[in-house]
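Written out below as structure tokens is the structure these notes cover.
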Amino acid sequence: MDNVRCTSICTWTENWVEEEDITTNILSRLPVKSLLICKSVSKRWRRLICSPDFVLSQLRWSRENPSFIFFLRYENELIKISGEVFERIPLPFGQRPNNCDMICSFNGFICLTNYIGWNHNIFIWNPATQEVQLLPTTTLSKKPPKIGVAYGPGTYKLFRIFYPASKSQPGYCECEAYSSITRSWKGIGRVTYWPMSSKHVSINETVYWFISAEKDRTVAGSILAVDLEENFRKISLPEEVSRNLSLVDLEGCLSLISIHVEANRFDLWVLQDYKNEAIWFRKCSEDMPILEIGYVFSVVAQKNEILFMLVERYFVYNIGSRTWRELDWGDVLRRKYPTAFAFTESLLPCTGTIGI
């Protein structure tokens, strides 16, 4: 009798675990808005959807199916585009901010800044759950600082390079870091290089910015990198690159898009790192028929595709098939000069930590 009872319990447990896996597999593929509704279906579903394992499972699925998100600086909103579906997302402010900028997109979060004089606010916002977190205030800067976000599983760190308002020494900049674990800022000290802008890419827990060339401050001369352990490093660029450069994350690799306008082509360079020595290899060199149409003002990569943004039109180049296609986005983005980012929805809280 005991053997029969034990067999029944084991069978029920195995069936329950299998059913749980199937439910997780199905639910993790739903949009976050749908998952928030599903949490009200039952206590069991709510417990499942709120569990760290499910949150990570949903994020993994979302990374395999990313979308584009566009920041419209003067319209106080984002536009998310998934295939042929457009979604307008108001920014988390009661009214249009004075000087708002979008810094980056990571793990389903948007990093926003809002500057008023020397004072500034930094927000971490999850547009899918509408949760927003205002980071603690920090040291005043003489001009808008340069910001980058490094992130790993269950954590993120903001790096803020700035000119202290309390010091007058020219060329003197410092760095502060905000940790999602401690939820506080700490000073790192002097930084030798000033990034050209806050536009950056974050790959493998490391932030990468362009820094200007010594002889010409208007063009990129090298790359500044800093990782979660707060180690700084300068990376040289390939000698053959043009003045028109973009940093992109291409399938988890730091990559350069170098556009040669006169030759109507672009080169794709990928960084290989051997024993701390930066080695670049040219992955491909392709003709750009789109240069005959107009000027490329922004570039962003998503998986194995590269989006080239022109004033009037948008084109995607597929690296695998080596083909171009034009995106029919009509008048939604035309002449708005948006900043584009790859975006993945997530259920992660803005603290970035879920007990992992």
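Ignoring everything but the protein chains, give the 1.4 Å probe accessible area of W329 in square angstrom, nearest 10.
Using a 1.4 Å probe on the heavy atoms, I get roughly 20 Å².
Short version: ³J(HN,Hα) in whole Hz for each residue of segment 75-92, in order, from phi by Karplus 6.51 cos²θ - 1.76 cosθ + 1.60 (θ = phi - 60°), x for Gly and Pro, what are they?
10, 6, 7, 10, 10, 9, 10, 10, x, 9, 9, 9, 9, 8, 10, x, 5, x
Amide H to amide H under 5 Å from C173: which residues, 5+ apart in sequence or cross-chain, H placed 1.01 Å off N in plane?
V191
Going from most exposed to least, what order do R44, R63 have by accessible area with a 1.4 Å probe?
Descending order: R63, R44.
Could you give the length gained by full extension between E277 and T323, i.e. 0.36 nm per residue of separation minus their alpha carbon distance, to one decimal place?
Fully extending the segment from E277 to T323 adds 13.3 nm.
Reported to two decimal places, what Rg/Rh ratio describes segment 223-356 when computed on Cα atoms with Rh from the Kirkwood expression?
Ratio of gyration radius to Kirkwood radius: 1.01.
What value, in deg cm²/dmol to 500, does the helix sum -39500 (n - 2.57) over DSSP H runs of n ≥ 4 give at 222 nm once divided by the residues of the chain?
Counting only the DSSP helices, I get -5000 deg cm²/dmol.
Which value, in nm² and rounded to one decimal, describes the direction-averaged projected area of the C-alpha convex hull of segment 151-277?
Values: hull surface 37.7 nm².
The orientation-averaged projected area of the Cα hull of segment 151-277 comes to 9.4 nm².
Residue by residue through segment 132-137, which ³J(HN,Hα) values in whole Hz follow from phi under the Karplus form 6.51 cos²θ - 1.76 cosθ + 1.60 (θ = phi - 60°), with glycine and proline marked x?
9, 10, 8, 6, x, 5
Roughly how many debye, to the nearest 20, is the charge dipole of segment 261-317 about its Cα centre, given +1 on each Lys and Arg Cβ, -1 on each Asp and Glu Cβ, and no other charges? If you can, show how the numbers build up before the last one.
Working: 6 positive and 9 negative charges, 41 e Å.
Charge dipole, segment 261-317, about its Cα centre: 200 debye, nearest 20.
Determine the distance separating the Cα centre of segment 303-348 from the Cα centre of segment 42-115; give it in Å without decimals.
17 Å
Residues with amide H under 5 Å of S51's amide H, sequence separation 5 or more or different chain, H placed in the peptide plane at 1.01 Å from N; which?
Residues meeting the amide H criterion: none.
On C-alpha positions alone, give me the angle between the axis of helix 52-64 and the longest principal axis of the chain, in degrees, nearest 10.
In the chain, helix 52-64 runs at an angle near 50 degrees to the longest axis.
Charges only on Cβ, +1 for Lys and Arg, -1 for Asp and Glu: so what's the dipole of segment 204-356 about the Cα centre, in debye to the nearest 20?
In debye, rounded to 20, segment 204-356 gives about 260.
With all protein chains present and a 1.4 Å probe, how do R282, R322, R233 order by accessible area, largest first?
Sorted by accessible area, descending: R322, R282, R233.
Strictly over 29 Å apart at the Cα level, which of K80/K199; K33/K142; K80/K186; K33/K303; K143/K186; K215/K303 would you flag in this model?
On the way: K80/K199 19 Å; K33/K142 41 Å; K80/K186 34 Å; K33/K303 24 Å; K143/K186 20 Å; K215/K303 35 Å.
Beyond 29 Å: K33/K142; K80/K186; K215/K303.
Under a 1.4 angstrom probe, counting protein chains only, how are D331, D267, D249 ranked by accessible area, largest first? Please report the intermediate quantities before stating the final value.
Values: D331 115, D267 0, D249 55 Å².
Per-residue accessible area, sorted high to low, gives D331, D249, D267.
Quick one: if you take sqrt(5λ) for each eigenvalue of the C-alpha gyration tensor of the chain, what semi-axes come out, biggest first, whole angstrom? Walk me through the numbers on the way to the answer.
On the way: eigenvalues 281, 139, 93 Å².
Here the semi-axes work out to 37, 26, 22 Å.
So, with +1 on the Cβ of K and R and -1 on the Cβ of D and E, and no other charges, what is the size of the charge dipole of the chain about its Cα centre, to the nearest 20 debye?
It works out to roughly 1180 debye.
What list of whole percents do you get for P(r) of segment 240-312, with Cα-Cα distances grouped in 5 Å bins up to the one holding the largest distance?
Per 5 Å bin, starting at 0, the Cα pair percentages come out as 3, 15, 27, 26, 16, 8, 3, 2, 0.
Which far-off residues, 5 or more places away or on another chain, put their amide H under 5 Å from the one on E131, with H placed in the peptide plane?
Excluding prolines and chain starts, which carry no amide H, the hits are N126.
If you take the charge dipole of segment 284-356 about its Cα centre, with +1 on Lys and Arg Cβ and -1 on Asp and Glu Cβ, which of Y317, M288, T339 is farthest toward its positive end?
The listed residue farthest towards the positive side: T339.
Got a sec to turn the phi values of segment 286-296 into Karplus ³J(HN,Hα) couplings, 6.51 cos²θ - 1.76 cosθ + 1.60 with θ = phi - 60°, whole Hz, x for Gly and Pro?
Result, ordered by residue: 10, 5, 10, x, 6, 5, 6, 8, x, 7, 7 Hz.
Quick one: accessible surface of Y208, probe radius 1.4 Å, all protein chains present, in square angstrom to the nearest 10.
Accessible area of Y208: about 30 Å².
The values are calculated or read from the model by the stated rules, or taken from the named source; none is laboratory data. The shown structure was predicted, so the numbers you read here are calculated from the model rather than taken from an experiment. FYI the Cβ positions are ideal-geometry reconstructions off the backbone, even for glycines, and counts take in every protein chain you see. Just the protein is used for accessible areas: all its heavy atoms, side chains included, with ligands, DNA and RNA removed. Shrake-Rupley method; radii C 1.70, N 1.55, O 1.52, S 1.80 Å.
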